[in-house]
Each structure stands twice: as C-alpha cells, then as structure tokens.
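Following: one structure in structure tokens, then a few remarks.
The values are calculated or read from the model by the stated rules, or taken from the named source; none is laboratory data. Here the structure is a predicted model, which is why all the values come from computation and not from measurement. Cβ coordinates were reconstructed from backbone atoms using ideal geometry, including for glycine residues, and neighbour counts include every protein chain displayed. Remember, those area values only see protein heavy atoms, side chains included, never the ligands or the DNA or RNA. Shrake-Rupley method; radii C 1.70, N 1.55, O 1.52, S 1.80 Å.
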Amino acid sequence: MTVRHPALAATDPALAALVGAEERLQAETLRLIPSENYVSAAVLEASGTVLQNKYSEGYPGRRYYEGQQNIDQVESLAIDRAKAVFGVDHANVQPYSGSPANLAVYLAFAQPGDTVMGMALPMGGHLTHGWGVSATGSWFRGVQYGVRADTGRIDFDEVRELALKERPKVIFCGGTALPRTIDFAAFAEIAQEAGAVLVADIAHIAGLIAGGAHPSPVPHVDVVSTTTHKTLRGPRGAMLMCREEHAKAIDKAVFPGLQGGPHNQTTAGIAVALHEASQDSFRAYAHAVVANAKALAEALLERGFDLVSGGTDNHLILMDLTPKDVPGKVAAKALDRAGIVVNYNTVPYDSRRPFDPSGVRIGTPSLTSRGLGVSDMAVVADWIDRGVAAAGRGDEAALSVVRAEVAELMAAHPAPGLPLA
Ligand SMILES: *Cc1c(COP(=O)(O)O)cnc(C)c1O
C-alpha cells in the first residue's frame with residue numbers, strides 16, 4: 001500500500017495511523033449526516049498549503065502585516081467568486097466557522113440585552129439563533145418560534161405575532177433540521193413590519209442555493225450567513241454576504257470585532273469550492289442531492305417511517321422513530337455499527353429529552369458526492385429499515401450483514417478526495 005501522508009507517517013506515526021483509519025472509515029461507510037460531505041481533492045490540497053504560515057489581519061489592500069502580495073489575491077478571488085455564485089454586493093470570507101459568523105452578525109446589529117429572534121433549537125433551529133445555552137441566548141434576550149405540531153412547518157402567523165410583540169433587533173431564519181423550503185419573502189415581510197434586520201442562515205442549504213436547487217434569500221434579506229463545509233462542499237469555514245449598505249458593519253464586526261488573522265489556507269479552499277460550485281456539474285449535483293432525498297423519503301414512507309412534515313424539499317429528512325418504538329439514540333448507535341452514519345436529533349414537540357430524543361436526522365449530500373442516484377435509494381431505505389428493526393430487537397448479527405452490504409456498495413462508489421475506496 002502506498003503511504004498517503006509520508007511526512008506525517010515519518011514524524012508522527014500515531015497521528016498518521018489515526019488519519020488513515022479515518023480515511024478508511026469515510027470510504028467504507030454510508031455517511032448520511034446532512035451537514036457533512038466529501039470535499040474534492042483540489043479543496044483538500046488548497047486547505048493544506050503554506051498559506052497556513054501567513055498572518056494577514058485586515059482585508060485585501062488594507063492589512064496590518066506586509067508580504068501580502070499573494071494572500072490579497074487569494075482572498076480577493078474567494079470574495080469575487082462568492083459574489084458571482086450567490087449574486088451579492090458584498091462577501092466576507094473570513095469567519096472561522098458558522099457560529100462565529102453568526103456572532104459577528106449580532107455584534108454588527110445588536111447590543112447586549114437586546115431582543116433577538118430565531119427558531120428554537122428543538123424545533124430545528126441552531127444554537128446561535130438565540131438558544132439559552134448559547135452566548136447568543138444569554139447575552140441577548142432570545143425569543144423563539146417553532147413549527148406547527150400538525151404540519152411540521154413554520155406558522156408565519158405565529159412568527160409575525162411574536163415579531164410584532166417582541167420587536168427583535170435581529171431575526172434569523174434557517175436551521176439545522178428543516179426539511180422544507182424556506183420562504184424568505186414571508187420572513188422579509190415580517191422583518192420589515194417589525195423593523196428588524198433579517199438574517200438568512202443558509203449553512204445547510206448553501207450548495208443547493210448555489211446550484212439552483214433551492215430559492216435564494218439574496219433578494220429578500222439583509223444578511224446571508226453560511227458555513228462553507230456542508231452542501232457547498234468546501235473546507236470548514238464560513239462567509240457573511242450582504243448588500244453594500246451593511247458591508248462596513250459586517251466587515252468591522254468580523255475583524256477587528258471578533259477575530260484576528262484569517263485562516264488563509266481555508267480561504268484558499270473556499271475559493272476552490274466556489275470555483276467548483278460555479279460549474280454546470282455542481283448544478284447537476286445540487287439537483288441530484290434533492291432528487292435523492294425525495295426518493296429516499298418516498299422509500300422510507302413506504303416502509304412505515306414517520307417523517308417530520310411528511311417528506312422533504314431539500315437534502316434533509318427528519319425521522320420520528322416513535323412509531324417504530326426505538327429511541328433515536330439507540331437507532332443511531334445501531335446504524336453506526338451497521339456502517340450507516342447518522343445523528344440522533346430531537347423532533348418538534350419531542351416527548352423525550354434532547355440527549356435521548358425520538359428522532360434521527362439523515363441527508364443525501366455525501367452519498368450524492370459519491371455518485372449514488374435515485375435508483376440506489378430503495379436499497380438505502382432498506383438498510384435503514386433493517387438497521388432500526390435490528391436495533392429494536394438487539395440483533396447484532398443482522399447489523400453485521402448490513403455493514404458488509406454497505407461496504408460493498410461503497411467500494412463501487414469511491415468518494416472524492418479518498419482514492420482508497
Ligand atoms: C452548522 C450550522 C451553523 C454552525 O456552524 P459551525 O461551523 O458548526 O459553527 C450555524 N447555523 C446553522 C443553521 C448551521 O446548520
């Protein structure tokens with residue numbers, strides 16, 4: 001076998017062995033966590049370059065360190081590509097990740113103690129949308145909306161009522177477990193009535209938007225926040241995008257408000273991912289992600305699974321396992337032993353606790369990156385069905401059988417960036 005990381009193997013064999021084990025794990029398993037993906041070999045290479053060695057506090061042309069001849073161009077490329085892919089006036093590509101990006105938005109538009117509004121975490125929101133255990137819910141007064149119990153969908157009458165009563169400075173839309181299209185225009189109308197800054201957090205769906213498989217928030221919202229490592233298929237990082245009128249406030253909040261030197265190797269990886277996202281092949285990818293998710297949802301419904309909101313419009317499916325009589329965590333751990341990687345998740349109005357909830361969250365970004373298609377989704381649903389049933393009766397042998405079948409299909413579909421498969 002060729003050594004994939006020779007310098008690392010020579011310097012630190014223990015760490016090299018762990019990286020190798022992780023490469024095999026990612027190659028051999030069916031990864032269904034909807035926030036994960038496989039980056040291309042080109043994105044991996046860009047993220048592992050000597051750009052790592054360089055300090056560059058400030059922005060292109062306005063730095064606090066010399067020697068920026070190349071770095072300025074790298075960051076400008078990333079910015080220009082973000083503007084072109086998403087059709088925005090302004091892009092900041094420096095936030096270290098999605099959570100710090102959202103913190104920067106608060107820093108730009110709110111003062112400690114102000115009221116902010118977002119979707120409740122157990123309803124499908126994100127910690128940084130004002131949830132209590134997050135700094136965003138303790139430094140600000142977070143008021144939270146949810147989804148309707150009967151439809152699993154956002155109730156815009158409820159959102160409007162709450163916004164007009166509480167008058168938040170900032171409203172976040174978007175989330176981590178929302179299987180349906182987000183109606184950015186409806187949020188915009190409410191934010192305008194309430195006099196709030198509207199932020200679309202598209203961390204999960206950025207790739208779908210870039211590829212034209214989900215409507216864009218850009219015409220409707222003040223600020224777009226996104227990670228770069230989920231459906232967008234870039235390195236772990238984030239971007240903030242906005243109209244020109246908010247550009248100064250956003251840039252000032254990211255640096256010097258919240259961060260020091262940007263991670264230039266990540267900026268380079270983001271630039272490469274955005275270049276990839278501008279290609280026709282990425283449009284095809286984004287549409288295939290959604291087609292696969294819809295096919296998988298259909299196949300799960302046929303097998304008696306209860307899906308929050310009854311299905312999906314995007315890359316994500318939230319299953320309520322209550323009717324299967326298997327807790328989400330038990331199912332997730334059993335599926336992991338069967339080579340199917342998912343995460344347990346609360347479902348709206350969950351009767352169980354957050355660390356031991358009723359749901360499992362799955363998605364199709366990673367399997368689509370490996371080239372699996374609609375015709376493969378019945379097999380995937382079957383594995384999930386057999387895995388959950390085996391979890392219910394504690395049948396380890398059945399899980400091993402599924403694991404072998406998964407490994408065989410995965411071997412036929414090598415993952416990007418992983419020549420091992
Ligand atoms: C993933 C995610 C984030 C946070 O991103 P990190 O990079 O994990 O900090 C924020 N908002 C939403 C909606 C997300 O899905």
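Here are some notes:
- Enumeration of residues in the range 391-406 that are of a type outside the set (Val, Ile, Thr) and open to solvent by 40 Å² or more (accessible area, probe 1.4 Å): GLY392, ARG393, GLY394, ASP395, GLU396, ALA397, SER400, ARG403, ALA404, GLU405
- Members of the range 24-45 that are assigned to a helix (DSSP H, G or I) and either buried (at least 24 other Cβ atoms within 10 Å of the Cβ) or within 16 Å of the ligand (Cβ to nearest atom) (or both): VAL43
- Filter result (β-branched (Val, Ile, Thr) and open to solvent by less than 20 Å² (accessible area, probe 1.4 Å)) within the range 320-341: VAL326, ILE340
- Scanning the range 79-88 for residues that are part of a helix (DSSP H, G or I), in contact with a strand residue (DSSP E or B) (Cβ under 8 Å, 6 or more places away or on another chain) and among the aliphatic types (A, V, I, L, M) yields ILE79, ALA82.
- Test result for THR176, assigned to a helix (DSSP H, G or I), of a type in the set (Ser, Thr, Tyr) and open to solvent by less than 30 Å² (accessible area, probe 1.4 Å): no
- Count - residues of the range 329-381 that are at positive phi and either under 20 Å from the mean Cα position of the chain (by Cα) or not small (Gly, Ala, Ser) (or both): 2
- Within the range 141-150, being of a type in the set (A, V, I, L, M, F, W, C) and either within 16 Å of the ligand (Cβ to nearest atom) or touching a helix residue (DSSP H, G or I) at 6+ places or on another chain (Cβ under 6 Å) (or both) holds for VAL143, VAL147.
- Inter-residue pairs, beta-carbon under 9 Å, first assigned by TED's automatic domain parsing to the domain that holds VAL105 and in the range 131-143, second open to solvent by 50 Å² or more (accessible area, probe 1.4 Å) and of a type in the set (D, E, K, R), 6+ apart: PHE140/LYS169; VAL143/LYS165
Residues checked against (1) more than 16 Å from ILE182 (Cβ to Cβ); (2) assigned by TED's automatic domain parsing to the domain that holds VAL85; (3) within 16 Å of the ligand (Cβ to nearest atom); (4) part of a helix (DSSP H, G or I):
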{"site": "LEU208", "(1), (2), (3), (4)": "no, yes, yes, yes"}
{"site": "HIS214", "(1), (2), (3), (4)": "no, yes, yes, no"}
{"site": "PRO219", "(1), (2), (3), (4)": "no, yes, no, no"}
{"site": "SER225", "(1), (2), (3), (4)": "no, yes, yes, no"}
{"site": "THR231", "(1), (2), (3), (4)": "no, yes, yes, no"}
{"site": "PRO262", "(1), (2), (3), (4)": "yes, yes, yes, no"}
{"site": "GLN265", "(1), (2), (3), (4)": "yes, yes, no, yes"}
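- Extreme residue, farthest from PRO365 (Cα to Cα), among residues of the range 197-206 that are in a strand (DSSP E or B) and within 13 Å of the ligand (Cβ to nearest atom): VAL199
- Any hit, the range 189-196, residues being closer than 30 Å to VAL272 by Cβ and either more than 12 Å from the ligand (Cβ to nearest atom) or not assigned by TED's automatic domain parsing to the domain that holds VAL342 (or both): no
- Across the range 89-136, the number of residues qualifying as within 14 Å of the ligand (Cβ to nearest atom), part of a helix (DSSP H, G or I) and small (Gly, Ala, Ser) comes to 5.
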